[in-house]
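First comes the structure, then the notes that go with it.
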Amino acid sequence: MVKRPSAPPMNVMIWAFSFLLFSLSDRAQAADLIADLYATPPALFFALALAFGVIIYLLFNQRRQDKALGQLAELSEKLCLGQDLRQEFSWRKTGAIEIDLIAATLTRVDDRLKQKRLKLQEVSQQIDEADEHRRSMNLELHHRVNNALAMMQGITNITARSATDIGEFRTNLSDRVQCLGAISTLLVKKSWTTTPLRELAEITLSCCSPDLAERVDLGGEDLELRSEVTLALGMTLHELLSNAIRHGALANETGRVTLNWRIEKQQEGKKRLILLWREQNGPIVEPPSKAGVGQYLMQEVLTRQFGGDIDFIFPPQGFQATITAEI
């Protein structure tokens with residue numbers, strides 16, 4: 001009779017194998033195999049059990065690695081198609097160095113691609129905003145060009161009606177177009193946004209005669225004008241300077257001109273620009289019998305462009321004009 005091992009672990013393992021054998025074969029063969037197991041030396045039995053466990057582990061690990069390879073294939077396909085990986089994706093090490101390294105590399109690649117996609121989205125948004133800004137600027141420029149053309153048409157018509165011959169018409173129109181071009185150039189430099197009033201006055205002076213700048217005193221706080229106001233107000237100052245050169249304080253050697261401005265606050269937070277033009281030490285002033293072409297141009301054409309008004313005073317000591325504009 002075969003002696004059974006007394007070690008409890010050995011008995012547990014033999015019972016487990018016995019149950020397995022009874023399940024897989026007939027009872028006679030199972031009994032013979034069980035007898036052989038009881039006769040097997042414990043060391044050999046443990047070696048067989050260890051080998052069996054290793055085989056099971058390898059099979060399980062191989063299955064896990066096969067699953068990992070399938071995940072790698074899916075991950076690679078998503079990266080090739082530019083798709084986002086699952087946010088909850090978390091790689092579990094398989095024990096295979098090559099597979100784990102590939103998974104870690106693909107995960108880092110996905111992180112970098114996400115950063116690149118975010119940057120591309122930001123750039124795309126900036127391009128859309130720039131395109132929208134360009135469209136609005138084109139519409140605004142179209143509106144301003146139309147206003148400038150309307151002003152030019154009015155200036156041309158008035159110049160033509162007041163000229164006595166073609167030479168006078170050409171000279172007067174050329175001076176006004178030259179000033180209009182200089183102011184437009186200034187607006188382009190300022191991107192058609194705002195323009196300093198002092199700089200506008202200096203540009204207008206240079207259009208008439210740079211030598212007369214020393215005889216014109218400018219005074220007032222720093223002020224930025226809207227582009228809608230700049231063009232028409234600059235042309236108004238040009239008309240005042242031209243009149244002073246032909247008939248006013250700048251027609252002799254001693255006369256001077258003073259241009260001062262200030263801001264007048266109104267209701268609802270609105271502001272209004274007040275400019276005072278004064279001439280002195282020039283020829284004795286006499287009120288005109290009728291409005292001249294410059295006066296008509298300023299009152300009927302230019303002031304409408306900046307939503308303001310202009311008043312003239314003719315005291316003997318020097319011509320004066322008060323200009324108001326909405327800013």
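The values are calculated or read from the model by the stated rules, or taken from the named source; none is laboratory data. What you see is a predicted model, and the numbers here were worked out from it, not measured in a lab. Cβ atoms come from the backbone with ideal geometry, glycine included; neighbour counts cover every protein chain shown.
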Of all residues in the stretch 193-211 being under 24 Å from the mean Cα position of the chain (by Cα) and surrounded by fewer than 18 Cβ atoms within 10 Å (Cβ to Cβ), the one that is modelled with the highest pLDDT: 194
Residue list for the stretch 252-262, filter: surrounded by 13 or more Cβ atoms within 10 Å (Cβ to Cβ) and either farther than 29 Å from residue 174 by Cα or not aliphatic (A, V, I, L, M) (or both): 255, 256, 258, 260, 261, 262
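A quick yes/no check of all residues on (1) more than 51 Å from the chain's Cα centre (by Cα); (2) assigned by TED's automatic domain parsing to the domain that holds residue 219; (3) in contact (Cβ under 8 Å) with a residue 24 or more places away in the chain; (4) under 22 Å from residue 155 (Cβ atoms):
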site	(1), (2), (3), (4)
261	no, yes, yes, no
265	no, yes, no, no
278	no, yes, yes, no
309	no, yes, no, yes
Hey, residue 126 surrounded by 10 or more Cβ atoms within 10 Å (Cβ to Cβ), under 30 Å from residue 300 (Cβ atoms), of a type outside the set (Lys, Arg) and at pLDDT 75 or above or not: no
Residue count, the stretch 234-248 (criterion: surrounded by 24 or more Cβ atoms within 10 Å (Cβ to Cβ), more than 10 Å from residue 294 (Cβ to Cβ) and touching a Phe, Trp or Tyr at 6+ places or on another chain (Cβ under 9 Å)): 2
Any chance residue 185 is surrounded by fewer than 13 Cβ atoms within 10 Å (Cβ to Cβ) and either in contact with a Phe, Trp or Tyr (Cβ under 8 Å, 6 or more places away or on another chain) or β-branched (Val, Ile, Thr) (or both): yes
Exclusive hit being among the basic types (Lys, Arg) and under 14 Å from residue 294 (Cα atoms), set 176, 144, 170: 176
Residues that are in contact with a helix residue (DSSP H, G or I) (Cβ under 6 Å, 6 or more places away or on another chain) and either of a type in the set (A, V, I, L, M) or not in a loop (DSSP other than H, G, I, E, B) (or both), drawn from the stretch 281-309: 293, 294, 297, 298, 301, 302, 305, 309
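Results for (1) loosely packed, with under 13 Cβ neighbours inside 10 Å; (2) modelled with pLDDT under 90, shown as yes or no for each residue.
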position: 213; (1), (2): no, yes
position: 232; (1), (2): no, yes
position: 250; (1), (2): no, no
position: 271; (1), (2): yes, yes
